[in-house]
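Asks: Before I ask anything, here is the structure I am working with.
No value in this document is a laboratory result; all are computed from the given coordinates. All values reported here derive from a predicted model rather than from experimental measurement. Positions of Cβ are generated from backbone atoms using ideal geometry, with glycine treated the same way; all protein chains shown enter the neighbour counts.
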Amino acid sequence: MTHVSIKKLTKIYPGSTEPSLDNLSIEIESGSLTALLGPSGCGKTTTMKMIAGLLSQTSGDVTFDNISILNEKPENRGVVMVFQNHLLFPYMNVLDNIGFGLKMRNVDKEEIHQRVIEMLELVKLPKLEKRMPKELSGGQQQRVALARALIVQPKVLLLDEPLSNLDAHLRFEMRDLIRNLQQSMGITTIFVTHDQEEAVVLADKVALILDGKLKQYDEPDVFYKRPIDEATARFFGGQNFINGASKNGLFESSVGKFKIPEICMKGKGILTFRPENIQISNSKSTLNSVKAKIIEKIFLGTQTRLKLSIDSEIIQVIANPNEVENTETGVEIFINFPPSSLWVMPK
Amino acid sequence: MIEKPTLLSNSFRFITIAMLITWLVLPLIPLAIWSFAKGWFFPHILPKYWSLKAWEYALSDTAGVLDSLWLTIFISAVATFLSILIGVPAGRALGMYKFKGKEIVELLILAPTIVPGIAVVLGIHSVFISIGLTNTVTGVILVHLIPTLPYMVLVMSGIFANFDAEFEDQARSLGASPIKTFWYITLPAILPGIIVGGLFAFLVSWSQYILTLLIGGGRVLTLPLLLFNFATSGRNDITGAIGMIYILPGIIILLLTAKHLSGRSAVGGFGQI
Amino acid sequence: MSDRTKILLLLAPALSIIIILFFGGLFAGLLRSFNYMPIIGLTEPNFEAYISVFKSKEFYLSFILTFHIAFTSTVISAILAIGSALLLRRNFLGKSVINFLFQINLTVPHLVGAIGILYLFSQSGSFARLAAEWGMIARPAEFPELVFDPYAIGIILQYVWKEIPFIGVIVLANMQSLGEDYESVARSLGANRWQAFRYVLLPLIFPGVLSASVIVFAFTFGAYEIPAILGANYPAALPVLAYRKYTDVDLAARPEAMAMAIVIAILSAVMIFYYLRYTRKKIRG
């Protein structure tokens with residue numbers, strides 16, 4: 001179990017003036033599974049390569065259990081990185097691929113064989129040790145790459161986009177496999193992804209990095225309920241933003257006054273709420289209720305998406321198809337905002 | 001990998017790169033100096049007297065160097081043209097189709113790139129004598145096809161492997177005749193390959209020595225033959241000048257095609273030069 | 001027109017040229033090496049040429065010398081080419097310069113390189129003069145024999161000069177298309193720099209190195225003009241010996257020349273065979 005601290009880690013590539021990673025500081029609990037989330041080019045892979053020792057940092061530090069590792073060679077850090085495209089050595093069979101790290105540590109052949117067979121059981125690929133990488137499916141290759149990393153019992157495991165090359169039905173299987181192995185072996189694991197869904201389903205904590213800077217570091221649900229700013233909210237699929245000002249537990253805007261949670265910030269800000277947390281009714285309720293007109297209605301199978309106008313503001317709502325069965329485009333309805341679903345971000 | 005570069009590893013790197021660069025240009029230097037030297041004897045590091053005599057000789061109308069130059073250009077140009085004419089269709093067959101016996105055809109066509117010229121040219125010579133092709137330019141051009149044609153086929157099959165035949169089908173369905181389809185669709189797509197392949201086929205022919213010597217019987221005096229004669233007769237100054245003239249086309253061709261020249265297929269033919 | 005006919009028509013001209021000229025030449029040489037040439041009245045094939053070739057000491061000396069030249073040149077060139085490629089693959093400043101020099105070298109004919117090596121390494125060449133300047137030798141004869149020498153040092157130097165860039169460009173392109181991620185994986189799995197090179201990069205570039213080396217070996221085994229310029233008179237490299245036999249005033253020596261040509265051809269064929277067998281095996285896994 002290893003506690004990882006990243007302290008003011010910065011990377012400026014030669015020939016560039018803008019940092020690719022700017023003062024990143026996060027604490028990663030030992031044995032946890034943490035996602036570095038951001039669009040491509042945000043600096044997340046750079047971070048991972050610096051932790052692995054495959055790229056040198058410009059400044060800052062990385063410590064494992066309070067000991068800096070930055071002067072260690074990559075092979076001595078106890079960090080293993082699993083690349084997105086698996087990178088199984090093409091001329092080695094599965095046995096030699098998985099056993100590679102042990103061979104580098106001069107473990108004897110018999111033991112390597114033994115441990116590879118055990119590892120193959122763990123990743124649910126029994127009896128495939130003689131196959132060549134190109135004879136495996138994408139999902140199998142991924143599991144071999146994972147086994148190859150886990151067999152050396154790293155202190156820290158780094159995964160690059162672990163689910164993104166997989167079909168939808170394999171994603172959950174792989175997610176469970178990664179979670180189970182990571183939990184049972186207690187390996188502190190960091191993965192990078194550009195896909196917020198991947199981050200949310202897999203991680204204990206998510207660090208959102210935009211343009212080389214850490215935006216927010218929290219549990220996954222917080223990014224939906226209490227995003228730190230509009231860019232963060234938008235990254236997580238937020239669509240509803242209303243300008244106004246927050247004062248004494250109320251948010252005042254051009255479309256009305258809304259009661260908001262006490263912990264919200266004060267002053268000029270942006271009100272946001274998830275499309276799925278809005279209630280629709282035919283009559284005005286007592287709290288946070290406004291009249292809205294349906295301007296578009298799209299049936300999506302298990303849910304219905306509505307585009308509504310409140311005066312000049314346009315908002316998106318996701319409703320239960322049964323609730324809005326009889327409403328049509330052009331009809332006026334009431335919408336209620338439960339105070340606990342509202343959140344105010346700085347402008 | 002990132003291993004922080006130390007002063008030691010940096011200077012090691014610098015010194016080895018400097019040595020490599022030196023080694024790469026070194027053999028050309030005495031050749032260039034000789035072409036401007038007048039009597040450059042041991043133990044002088046540099047010539048005592050400089051002169052343009054060797055160049056005057058090489059570029060004069062009477063010495064025959066220029067005649068050799070034009071003859072060499074002619075032979076290489078014709079051999080290249082024929083290689084393109086014959087190599088492009090074969091490249092298309094190998095690059096775009098799968099067929100039974102393809103591996104054998106590839107082996108047949110590529111064999112000349114591995115088997116040295118001396119191994120075949122003696123036999124060819126004994127046949128060419130009886131049909132009157134020895135000592136002729138035609139005979140020399142024909143044997144030059146042995147190294148140039150496989151190279152052209154190699155390059156063109158690579159080009160055609162990346163060419164999507166559906167462009168041609170699209171053109172035909174829009175009403176273009178087969179000839180027009182070739183002219184407007186296929187040719188523009190493969191032209192860069194033809195040009196690069198052709199230029200290097202030219203160089204392959206340009207550098208042939210033993211094939212020309214035997215089939216030309218010393219009567220077809222191309223530049224390399226002349227260069228060899230001067231080099232072995234000890235006229236170092238004239239050898240230097242002819243040597244410089246001889247490497248010029250290669251450098252020009254390189255400058256023209258530098259950006260196309262990477263990877264294995266384009267380079268493969270250099271084993272022949 | 002069926003695809004079959006189409007393919008046949010596309011291939012016909014190239015195949016005819018190769019079969020008639022190349023394989024025809026080989027075949028004519030083969031017949032001639034058996035003293036069989038009906039046109040000039042030789043209708044009873046025999047093994048005399050081969051017997052006389054395999055009985056002569058000069059042939060064996062020649063063969064050994066030629067094999068030594070080809071093998072040594074190929075191995076040294078391949079090792080130095082891999083080294084150069086490793087050195088250059090991340091060197092952004094030097095890369096364009098060296099790339100250009102590599103490619104210039106590729107276009108310079110071997111003959112020119114051979115003459116350059118002669119002027120550099122002969123006993124009155126540039127290096128001998130430098131040695132004299134530094135007082136290491138007084139007369140040209142004191143300078144070590146590096147050309148026309150029995151160990152073919154000059155010839156090997158020329159091939160190394162010319163083939164480092166040839167193999168180097170292929171290896172460099174190979175390394176660049178592989179990227180460094182495979183080595184990164186190896187490093188993060190606990191391989192040190194040497195192990196990452198030995199167990200990961202080297203096996204990955206090996207097929208490319210091998211195919212380039214086969215071309216180099218075959219070329220250096222069969223080239224004429226380089227040993228003709230830089231080689232000792234006795235023993236001469238096999239192609240030089242074959243040429244001498246062929247142009248001998250005694251026409252009876254011609255079948256012997258043909259027999260040597262066939263030996264060279266067979267050696268190349270063996271090279272191709274093993275090369276193909278190796279690569280097929282690799283591809284099939």
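Asks: Tell me the label-point distance for the pair B:L52, A:K257, using the 7 Å Cα-to-Cβ offset, in nm and rounded to one decimal.
Replies: 9.9 nm
Asks: Long-range amide H contacts for A:I209: which residues qualify at under 5 Å (H placed 1.01 Å from N, peptide plane, sequence gap of 5 or more or a different chain)?
Replies: A:L37, A:G38, A:K215
Asks: Now, a different point. Per residue of chain A, what 222 nm ellipticity follows from adding -39500 (n - 2.57) for every DSSP H run with n ≥ 4, rounded to the nearest 500?
Replies: Value at 222 nm, helices only: -7000 deg cm²/dmol.
Asks: Report the extension gain between B:E103 and B:T138 in nm, rounded to one decimal, defined as 0.36 nm multiplied by the number of residues separating them, less their alpha carbon distance.
Replies: 9.4 nm
Asks: Then there is this: Can you pull out the GluC sites (Glu not before Pro) in the stretch C:95-156 that DSSP calls coil and that have at most 16 other Cβ atoms within 10 Å?
Replies: Answer by residue number: C:E145.
Asks: At q = 0.06, 0.09 Å⁻¹, what is the log10 ratio I(q)/I(0) for the protein assembly as shown, with the Debye formula run over Cα points and no solvent?
Replies: Log10 of I(q)/I(0), two decimals: -0.61, -1.04.
Asks: Cα convex hull of the stretch A:238-345: how many Å³ per residue?
Replies: 91 Å³
Asks: Give the long-range amide H neighbours of B:G217: residues separated by 5 or more places, or on another chain, with amide H under 5 Å away, using H modelled in the peptide plane at 1.01 Å from N.
Replies: Hits under the 5 Å cutoff: B:N135.
Asks: Also, I was wondering about something else. Once label points are set 7 Å from the Cα along Cα→Cβ at both C:E48 and B:T62, what is their separation, rounded to one decimal in nm?
Replies: 5.1 nm
Asks: Further question on the same structure: Which aspartates and glutamates, if any, have their Cα less than 14 Å from the Cα of A:K73, not counting same-chain residues under 8 positions apart?
Replies: Counting by Cα, and skipping residues close in sequence, A:K73 has these aspartates and glutamates nearby: B:E3, C:E183.
Asks: With the cut-off at 1.5 for a/c, could you classify the stretch C:1-81 from its C-alpha gyration tensor as rounded, prolate or oblate?
Replies: It is oblate, given that a/c is not under 1.5 and a/b is not larger than b/c.
Asks: Nearest 500 deg cm²/dmol is fine: what mean residue ellipticity at 222 nm does chain B get from its DSSP H runs of n ≥ 4 alone, each adding -39,500 (n - 2.57), divided by its residue count?
Replies: Calculated at 222 nm, the ellipticity per residue is -22500 deg cm²/dmol.
Asks: If the cut-off is a Cα-Cα distance under 21 Å, which lysines reach A:K268, setting aside same-chain residues fewer than 8 apart in sequence?
Replies: Correct list for A:K268: A:K215, A:K225, A:K247, A:K257, A:K259, A:K347.
Asks: Share of antiparallel DSSP beta bridges in the protein assembly as shown, in percent to the nearest 5?
Replies: Of those bridges, close to 75 percent are antiparallel.
Asks: Whole-Hz ³J(HN,Hα) for each residue in the stretch C:69-83, computed from phi via Karplus 6.51 cos²θ - 1.76 cosθ + 1.60 with θ = phi - 60°, x for glycine and proline: what do you get?
Replies: Result, rounded to whole Hz: 4, 5, 5, 4, 4, 5, 5, 4, 4, 5, 5, 5, 5, 5, x.
Asks: Go ahead and collect, in residue order, the members of the stretch A:221-235 whose backbone nitrogen is under 18 Å from a label point 7 Å along the Cα-Cβ direction of A:K268.
Replies: Output list for this probe position: A:229-231.
Asks: If a/c stays under 1.5 just call it rounded; otherwise compare a/b with b/c (prolate if a/b is bigger, oblate if not). Do that for chain B, with a ≥ b ≥ c from the square roots of the Cα gyration tensor eigenvalues.
Replies: Cα axes put chain B in the oblate bin.
Asks: Right, something else. From the alpha carbon gyration tensor of chain A, can you work out the equivalent ellipsoid semi-axes (sqrt of 5 times each eigenvalue) and give them in Å, largest to smallest?
Replies: 46, 25, 15
Asks: Do any trypsin sites (Lys or Arg not before Pro) in the stretch B:83-133 lie in a DSSP loop with no more than 15 other beta carbon atoms within 10 Å, and if so, which?
Replies: Passing sites in the stretch B:83-133 are B:K98, B:K100.
Asks: Is there a pair in A:K44/A:K205; A:K8/A:K44; A:K7/A:K213; A:K109/A:K134 whose C-alpha atoms are over 19 Å apart, and which pairs would that be?
Replies: With Cα atoms farther than 19 Å apart: A:K109/A:K134.
Asks: Moving on. Stick to the Cα atoms of the stretch C:68-133, pair each with every other, and give me the Kirkwood hydrodynamic radius in Å at one decimal.
Replies: In the stretch C:68-133 this quantity evaluates to 14.2 Å.
Asks: In addition: For the stretch C:1-46, what is the largest minus smallest coordinate of the Cα atoms on each principal axis, given in angstrom and ordered from greatest to least?
Replies: For the stretch C:1-46, the Cα extents along the three principal axes come out at 47, 15, 14 Å.
Asks: From the Cα gyration tensor of the stretch C:57-284, with a ≥ b ≥ c the square roots of its eigenvalues, which class applies: rounded if a/c is under 1.5, or else prolate if a/b is larger than b/c, or else oblate?
Replies: oblate
Asks: Would you work out which of C:G179, A:N85, A:G138 lies farthest towards the positive end of the dipole of the protein assembly as shown? Charges go on Cβ: Lys and Arg +1, Asp and Glu -1.
Replies: Sorting the options by dipole projection puts first C:G179.
Asks: May I pose another question? Could you compute the net charge surrounding C:A253? Neighbours are other residues with a C-beta less than 13 Å from the C-beta of C:A253; K and R count +1, D and E count -1.
Replies: Spelling it out: positives minus negatives among the neighbours equals -1.
Asks: Then there's this: Towards the positive end of the charge dipole of chain B, with charges on Cβ (+1 Lys, Arg; -1 Asp, Glu), say which of B:G234, B:T136, B:A63 has the farthest Cα.
Replies: Ranked along the dipole, the leading option is B:G234.
Asks: A follow-up question, please. Expressed as a whole percent, how much of the Cα-Cα distance distribution for the stretch A:47-161 exceeds 26 Å?
Replies: Distances greater than 26 Å cover 23 percent of the Cα pairs.
Asks: Applying 1/(1 + (r/R0)^6) with R0 = 60 Å to the Cβ-Cβ distance of A:S283 and A:K8, what FRET efficiency is obtained, to the nearest 0.05?
Replies: 0.60
Asks: Return the distance in nm (one decimal) between the two label points of a simple spin-label model at C:K6 and A:E135, each offset 7 Å from Cα along Cα→Cβ.
Replies: With each label placed 7 Å out from Cα toward Cβ, I get 3.6 nm.
Asks: Where in the stretch B:11-71 are there chymotrypsin sites (Phe, Trp or Tyr not before Pro) that are in a DSSP coil and have at most 16 other Cβ atoms within 10 angstrom of their Cβ?
Replies: B:F41
Asks: Next up: So, R0 is 51 Å and r is the distance between the beta-carbons of A:Y91 and C:Y36; what FRET efficiency does that work out to, to 0.05?
Replies: About 0.60, to the nearest 0.05.
Asks: Among the lysines, which fall within straight-line cross-link reach of B:K100, defined as a Cα-Cα distance under 21 Å, with same-chain neighbours fewer than 8 residues apart omitted?
Replies: Cross-link targets: C:K6, C:K281.
Asks: Also: Using Cβ contacts closer than 10 Å as the measure, can you line up B:L254, B:L94, B:L213 from fewest to most?
Replies: The most exposed by this proxy come first: B:L254, B:L213, B:L94.
Asks: Another question about this same structure. Taking a virtual spin label 7 Å from the Cα of C:H68 along the C-beta vector, which residues in the stretch C:122-149 bring their backbone nitrogen under 15 Å of it?
Replies: C:145-149
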